[in-house]
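Heads up, the thing below is written out as structure tokens.
The values are calculated or read from the model by the stated rules, or taken from the named source; none is laboratory data. It should be emphasised that the depicted structure is a prediction, and the values quoted were computed from it without experimental measurement. Please note: Cβ atoms are built from the backbone with ideal geometry, for glycine as well, and neighbour counts cover all protein chains shown. For the accessible areas, the whole protein counts, side chains as well, though only heavy atoms, and no ligand, DNA or RNA atoms are used. Shrake-Rupley method; radii C 1.70, N 1.55, O 1.52, S 1.80 Å.
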Amino acid sequence: MRNHSIRWLVVLALVIFGMGVFTSTAPAKDIIFMDLSDYTGPVAGLALPGSMGTEDYLKYINNKGGVEGLKIKYMGIDTRYDVARAISAFKRQRRNKQVVAVGIVSTPVGKMMQALTKKEKLVVHVPGDGEFQAHPGNFFTWGPVYQDAFAATIDWIMDDWEKKGESGKPKVAVLSWDNAYGREMLRGGKEYAEMKGAQLLPSELFPTGTLKHDVYLTRLDKAGANYVYVGGVDPVQTNVMRDATALGLTEKIQFISDYWGPTALGISLHPKALEGMVVVSFFLRGQEAFDHPLLKELWTTVRKQPMDKFNEGYGIGVGAGINLVGAVTDTVKRVGKNKVTREEVHNSYLRLTGLDRQGLAGRCTYSPTRRAGADVVKFYKVTGGKIVPITDWVQTPDAVSMHKWK
Amino acid sequence: MNTSNSAADKILEVKSLNLSFGGLKALDDLDFQVMGRELLAIIGPNGAGKTSLLNCINGFYRPQSGTIQFHGKAIHPLQPHTIAKLGVSRTFQNIELYTGLNVLENLMAARHIHMKRGAFLGSIFFGPARREEIRHREVVEDIIDFLELEPVRKQVVGTLSYGVRKRVELGRALAMDPRLLLLDEPMAGMNLEEKEDMARFILDVAELRKIPMIIVEHDMDVIMDIADRAVVLDFGSKIAEGSPAEVVENSRVIQAYLGEEDEFETSSQ
Amino acid sequence: MWRPCGVFDATYEKDMAIVRTSRHWIALIVSLVIFFFIPLYGSYYIVSFINTLAITIIAVLGLQIVSGYCGQISFGQAAFMALGGYTSAVLTQKFGLSFWVAMPLAGIFTGLYGLIGGAPSMRIKGFYLAIATIAIHFVTLWLLLHLEITGKSVGLTVDSPQIGSFVFDTDERMFYIIMPIMILMTYAARNLVRTRVGRAFVAVRDNDLAAQVMGINLYYYKLLAFFVSCFYAGIAGSLYAHLTMVCHPEQFTLLHALWYIGMLIVGGLGSIPGVFFGVVFIRVMDEIVLIASPYLADWFPWLGMAPAAGLGLTAFGVVLAVFLIKEPRGLAHRWEILKASSRLYPFAY
Amino acid sequence: MTNFLQLLLLGLLEGGLYAMVAAAVVLVYKSTHVVSLAHGQLMAYGALAFWFALSVLKLPFILALVVALIFLAITGWFIERLAMRPLIGQPLFAAFLTTFAVFLMGDGIFQLILKGESNSFAKYLPGGMTSVIGVPLPTTQLVSFGVCLALFSGLAIFFRRTKFGLGMRATAEDHQLAQSTGITVRAIFSSIWILSAMVATIAGIALANVMDIYFPLPYVGIKGLIVALVGGLESLPGALLAGLILGILENISAGYLDPIVGGGVKEVAAYVLLLFILLVKPYGLLGLVRIERI
């Protein structure tokens, strides 16, 4: 009997210990950026380097003494693409006033967080859903929203179509994930494409875990697509191109990747397959990113990794970090470093218009009416196993406002 | 419900029953009847089709032709659980108890057909469902007393000894308040003492509860002592019928058993 | 527990009771009262954690009935929960029904859907059925993802429940909806499994031949078990949707269903207290991994950023395997041993 | 029409991949009557080990294959020893659930190793296109299909001709009888896990050759299970047949139904087929019908 009691007591003690850990908080005075991200699921290819970028940039600032002595702590949590885990992780910190901003890389988690954070005006960083721009609230996207980037791509397609001397309308199709993200770019992007005179084919949407894309590609081929806009988070684009190359479609169809497309890593896996793919991006890619002094410094001195393991997704996170530091700096300037609250940081975000992001992306465009983080994109093309720019920064059209939002 | 049979009632009537698996004939044109409150033994060597016959009566097997009538109602086209509701209960050769339940619950589970409350009332428990539980609990406790199972009442049946489990199975069959009881080798695998106990219980059931019974057994000695009448099967067909004393004298029976001489010896394993 | 040696039951009624002595009653009432004041003194996090625990417990109770008691292992509980959540969301958002009407309706609708989901159990059993329920999971989620009324891939947003002008929009307030429902559902499950229907379920599980001979209609009870189980899942899904205020297909994945089965195994199949043990054990384990993972990432840089997801799953797998091999009857069995030993105290057998 | 033919052939090639995964499941079931979900992981780890040997250790192709096979053989033996053997005598369902625990365990580590990236053999194995009866098909898939055919013929010969294979068949029929004729059932159990892990490795390499090593790879194991069920759990020809049927069905139904119902058909086709088969022929296309003796 005693034996069992002792065992149970141990279990009980562990539980109580666990409960104690739940309620513990970070050291006082610092403020916290909480990153609810997916490091192992479908969007890990983007979220992992992105989170590293933010973490390292914040460390870098803290090492230099923080924002007038105020340090910003990074708290990364793997949600495993699971809403319940994300909720519980967030709720653990919900009443913790040190948390002034949250980053989320998952559409369902983002949706849930809308309800939880609306009242408190807690800044939430999300990738790029246009609905946040359409209904401005406390959600801020990293770069231009998906619609606008798609619209810029339509502009590029129309130019390219003209340059090739083709007549008639170009046939454009979207090949993307069968989830909210996969459909988002067309909410506004569709209207824009029609206005510009491109012919949109029915979208091909596939589940996030798909391993082969033959069916969708052959159907697009049969429909006579000229341009295919591939969504998803790398390696999805790489996988699509692998299958397209194996089916011999790359000569007939120009593939264009959404901005979460192939990085140097994906290209090194399938250099032949990706050859010729165009990538629309709001952050630096390829050699430009590798040569960027800030990224180089962070990666080699803070992350302490050799440059050959560098992933361009890192730049997204650094950009988000610059936004956060910019906003906190503004808040400290306005109200002093002891009065940094969620609401004040939120107000500072609305004043970030024109913040320079050291060339990592275009200038910041957050304003009282705008939640999209940038309004410029750059086009790259995979050439000879390298991703090289083919345009300079290009202004994105406003496609979000063309959609009739509920 | 169970005691109103007069001696002349035709309880069960089996007419020209045929059952085969593929090309193998298990039962061949079988006829017999159970009358009144009698204790009918069905005997025969291994593979004679005794268990198949029971499986036909309680609906596991669907005979190819022939009829089985229970109190004048044809039961051979019915599902096993419907036949059970009409009052046919049985035990199995290899014990088939609900291993996860205790003795009491096993017996209570057999009261299923007499209980009326469904899932909704059951989940509220207080009120009708509780009254019903208590009422049937009394019936079950009577049977537990009758079969001398009190000490193991709340033990999970998986942990009981073989002889006790056989007794629990008999108890479970009785708890249904059957109008006909089928016992499939109730004494198989028992030692002498346990056999005597079991024989006593079977006789008590016949005498006190007045339930007609069919006992399938190939231990002739037991049958001689307790059965009113015996039907002998060999290769699925009836080779003899009559009182136990008559049957053992029958030359065809002797031949059938001699054909498998060691039957008598191995029967108690 | 706390049943002193030498207390005997004089009537059958007393023998059947769950709460036996007056000391039990006092302990029960006091702990319930303390429990219901948790939102007043517990931290916000504890309250929200208990809320998710309670919802999981409701779903796993349903699974216990169909898998633990009736023996039909189902990997479809997450999908059934999704359906419950969606039904409730559609009824409140598109048809303007009150939450208080929509929640039971969601339960009933999911229960009825469970009859379709349970239909394969008429022909197949064991792991054939388990795989068939995986199929049902995927087909259900596919439907939710592609129907117009469920908002396709965008999902639905859900409002908080309301009584008059009082809105249950925080976790503390939802606690007072979720907890009574969980206690009620536990009570109902406990009673269900110890009366006629529950015994029939176990009969089907333990020995379907004997069950038929004893007049139990296998198909009826298998389908009934699926109905009850899906009713529980529907209620849990509805509560979950109204707690998180959103319904999205990615909230309910196959992995969730696998976790539920795992909780059942760790807690103990065929035991209502086992559900509590299993859910709490696994969830607390998962939370500890979740909390520890940032530190782990700091201490062991070679693990990279991702230890939480990987380690959580691995820990779960290990725990599950250990329980299956070493203690297939789960924590509930350990609990019974503890109870028995405390009851016999001070005698040592 | 060429579109139809292309979908058909692509489906056929993909079906071969599923069939290989199913073969590993069937092998285990044939002699231990355990249905294994763990082979989804074994397959993924096989591919990962091969990739590691090939591109990190820079071993030549054959040597890398041998290294991967040996590594997975050891893994399979470990699983049998640690997770399966203690369960001998327990209900088979417990063993099934244990393989499922092994699956989750393996998945955690797999995701940890992969960290959201993907790996590919593309640099090492042939790529490009080959035309078959006028239809352009990816060479990688043709190669993988060839591997599939070779694997199945190899298994057929193994079971028909070799003494060891016959021993396994005998074990499958009756454990006690096999024991009495001098076959060590435990040794057979170990070796069947080793063999099936090696088959899973080959399947994993063939799969990853086409689909890369990406985080959903282990979940193809669930499809393998479905194929094994549809084909009939004891039957290797059944696995091949069902695999090909599933591959073709997936591609054809996705090709023609997707535009009508709005996508995602490829994901559910397998499950709908499974439900249909289970209701019509519960023991699968070529499975043995078991008569339960009462």
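Here D:Met84 passes the criteria (1) in a helix (DSSP H, G or I); (2) over 18 Å from C:Leu313 (Cβ atoms); (3) open to solvent by 50 Å² or more (accessible area, probe 1.4 Å) except the one numbered (3). The single condition among (1) open to solvent by less than 20 Å² (accessible area, probe 1.4 Å); (2) over 17 Å from the mean Cα position of the chain (by Cα) that A:Arg219 does not meet is (1).
From B:Glu217, B:Glu249, grab the single residue that is of a type in the set (D, E, K, R), assigned by TED's automatic domain parsing to the domain that holds B:Gly23, under 22 Å from the mean Cα position of the chain (by Cα) and within 25 Å of B:Glu196 (Cα to Cα).
Working: B:Glu249 fails: under 22 Å from the mean Cα position of the chain (by Cα).
Testing whether each residue is of a type in the set (D, E, K, R), assigned by TED's automatic domain parsing to the domain that holds B:Gly23, under 22 Å from the mean Cα position of the chain (by Cα) and within 25 Å of B:Glu196 (Cα to Cα) leaves just B:Glu217.
Against the conditions (1) within 8 Å of chain B (Cβ to nearest Cβ); (2) crowded, with 24+ Cβ neighbours inside 10 Å, C:Leu243 satisfies every one except (1). Note on region B:94-118: among residues that are outside any helix (DSSP H, G or I) and out of contact with any helix residue (DSSP H, G or I) (no Cβ under 6 Å at 6 or more places or on another chain), the one that is farthest from the other protein chains (Cβ to nearest Cβ) is B:Asn102. In summary, D:Ile260 fulfils each of the numbered conditions (1) within 8 Å of another protein chain (Cβ to nearest Cβ); (2) open to solvent by 30 Å² or more (accessible area, probe 1.4 Å) with the single exception of condition (1). Taking the numbered list (1) assigned to a helix (DSSP H, G or I); (2) within 13 Å of chain A (Cβ to nearest Cβ); (3) open to solvent by less than 50 Å² (accessible area, probe 1.4 Å) in turn, D:Ile113 passes all entries but (3). For beta carbons closer than 8 Å, sequence separation of 6+ or different chains, a first residue in region B:48-67 that is within 12 Å of chain D (Cβ to nearest Cβ) and a second that is of a type in the set (Asp, Glu), the qualifying pairs are B:Thr51/B:Asp184; B:Leu54/B:Asp184. The number of residues in region A:102-123 that are more than 10 Å from chain C (Cβ to nearest Cβ), assigned to a loop (DSSP other than H, G, I, E, B) and among the hydroxyl-bearing types (Ser, Thr, Tyr) comes to 0.
Taking the stated definitions as given, is D:Leu104 at pLDDT 80 or above and either assigned to a strand (DSSP E or B) or within 13 Å of chain A (Cβ to nearest Cβ) (or both)?
Numbers: at pLDDT 80 or above: yes; either assigned to a strand (DSSP E or B) or within 13 Å of chain A (Cβ to nearest Cβ) (or both): yes.
Yes.
Within region C:196-217, the set of residues being within 7 Å of another protein chain (Cβ to nearest Cβ) and among the hydrophobic types (A, V, I, L, M, F, W, C) comprises C:Val197, C:Ala200, C:Val202, C:Ala203, C:Leu209, C:Ala210, C:Val213, C:Met214, C:Ile216.
Screening A:Ser348 with (1) farther than 15 Å from A:Ser281 by Cα; (2) modelled with pLDDT under 90; (3) open to solvent by less than 60 Å² (accessible area, probe 1.4 Å) gives one miss only, at (2).
Checking D:Leu286 against (1) aliphatic (A, V, I, L, M); (2) surrounded by fewer than 23 Cβ atoms within 10 Å (Cβ to Cβ); (3) at the interface with chain C (Cβ under 10 Å from one of its Cβ atoms): exactly one of these is not met. Which one? Among (1) aliphatic (A, V, I, L, M); (2) surrounded by fewer than 23 Cβ atoms within 10 Å (Cβ to Cβ); (3) at the interface with chain C (Cβ under 10 Å from one of its Cβ atoms), D:Leu286 violates only (3). The helices (runs of 4 or more DSSP H) located wholly in region A:283-385 that include 2 or more residues which are of a type in the set (Asp, Glu) occupy A:286-291, A:342-349.
Filtering region D:42-50 for residues that are in a helix (DSSP H, G or I), over 30 Å from C:Leu129 (Cβ atoms) and open to solvent by 10 Å² or more (accessible area, probe 1.4 Å) leaves a non-empty set.
Does region A:351-371 hold any residues that are open to solvent by 40 Å² or more (accessible area, probe 1.4 Å), touching a Lys or Arg at 6+ places or on another chain (Cβ under 9 Å) and under 27 Å from A:Ala289 (Cβ atoms), and which are they? A:Thr353, A:Leu355, A:Asp356, A:Arg363, listed by residue number. Close contacts from region C:209-221, counting a first residue that is within 15 Å of B:Met108 (Cβ to Cβ) and assigned by TED's automatic domain parsing to the domain that holds C:Ile124 and a second that is surrounded by fewer than 24 Cβ atoms within 10 Å (Cβ to Cβ) and of a type in the set (D, E, K, R), with Cβ to Cβ under 8 Å and a gap of 6+ residues or different chains, come to C:Ala210/B:Glu96; C:Gly215/B:Lys85. Restricting region C:140-150 to residues that are touching a residue at least 60 places away in the same chain (Cβ under 8 Å) and in a helix (DSSP H, G or I) leaves a set whose member that is nearest to the other protein chains (Cβ to nearest Cβ) is C:Leu145.
Is it true that D:Phe93 is open to solvent by less than 40 Å² (accessible area, probe 1.4 Å) and either over 30 Å from A:Asp221 (Cα atoms) or within 12 Å of chain A (Cβ to nearest Cβ) (or both)? Steps first, please.
Values: open to solvent by less than 40 Å² (accessible area, probe 1.4 Å): no; either over 30 Å from A:Asp221 (Cα atoms) or within 12 Å of chain A (Cβ to nearest Cβ) (or both): yes.
No, not satisfied.
Residues of region D:206-216 include none that is open to solvent by 50 Å² or more (accessible area, probe 1.4 Å), within 14 Å of chain A (Cβ to nearest Cβ) and within 24 Å of C:Phe138 (Cα to Cα).
Within region B:119-135, being in a helix (DSSP H, G or I) and not small (Gly, Ala, Ser) holds for B:Phe120, B:Leu121, B:Ile124, B:Pro128, B:Arg130, B:Arg131, B:Glu132, B:Glu133, B:Ile134, B:Arg135. Suppose the filter is open to solvent by 30 Å² or more (accessible area, probe 1.4 Å), under 25 Å from D:Leu104 (Cα atoms), at pLDDT below 90 and not acidic (Asp, Glu); does D:Tyr219 pass it? Considered against the rule, which asks whether it is open to solvent by 30 Å² or more (accessible area, probe 1.4 Å), under 25 Å from D:Leu104 (Cα atoms), at pLDDT below 90 and not acidic (Asp, Glu), D:Tyr219 comes out as yes.
Among the small types (Gly, Ala, Ser), at pLDDT below 85 and open to solvent by less than 30 Å² (accessible area, probe 1.4 Å): which single residue out of D:Gly165, D:Gly127, D:Gly134 fits that description? Give the derivation first.
Details: D:Gly127 fails: open to solvent by less than 30 Å² (accessible area, probe 1.4 Å); D:Gly134 fails: open to solvent by less than 30 Å² (accessible area, probe 1.4 Å).
The unique qualifying residue is D:Gly165.
Residues in region C:180-195 that are open to solvent by 40 Å² or more (accessible area, probe 1.4 Å) and at the interface with chain B (Cβ under 7 Å from one of its Cβ atoms): there are none. Restricting attention to region A:242-272, the residues that are within 11 Å of another protein chain (Cβ to nearest Cβ), assigned to a helix (DSSP H, G or I) and open to solvent by less than 10 Å² (accessible area, probe 1.4 Å) total 3. Please indicate, with yes or no, whether at least one residue in region D:147-163 is over 30 Å from A:Gly248 (Cα atoms) and more than 23 Å from the chain's Cα centre (by Cα). Yes, region D:147-163 contains a residue that is over 30 Å from A:Gly248 (Cα atoms) and more than 23 Å from the chain's Cα centre (by Cα).
Yes/no per residue for (1) surrounded by 24 or more Cβ atoms within 10 Å (Cβ to Cβ); (2) more than 22 Å from A:His270 (Cα to Cα); (3) of a type outside the set (A, V, I, L, M); (4) at the interface with another protein chain (Cβ under 10 Å from one of its Cβ atoms):
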{"position": "A:Leu186", "(1), (2), (3), (4)": "no, yes, no, no"}
{"position": "A:Gly189", "(1), (2), (3), (4)": "yes, yes, yes, no"}
{"position": "A:Gly197", "(1), (2), (3), (4)": "no, yes, yes, no"}
{"position": "A:Pro202", "(1), (2), (3), (4)": "no, yes, yes, yes"}
{"position": "A:Val215", "(1), (2), (3), (4)": "yes, no, no, yes"}
{"position": "A:Val230", "(1), (2), (3), (4)": "yes, no, no, no"}
{"position": "A:Val240", "(1), (2), (3), (4)": "yes, no, no, no"}
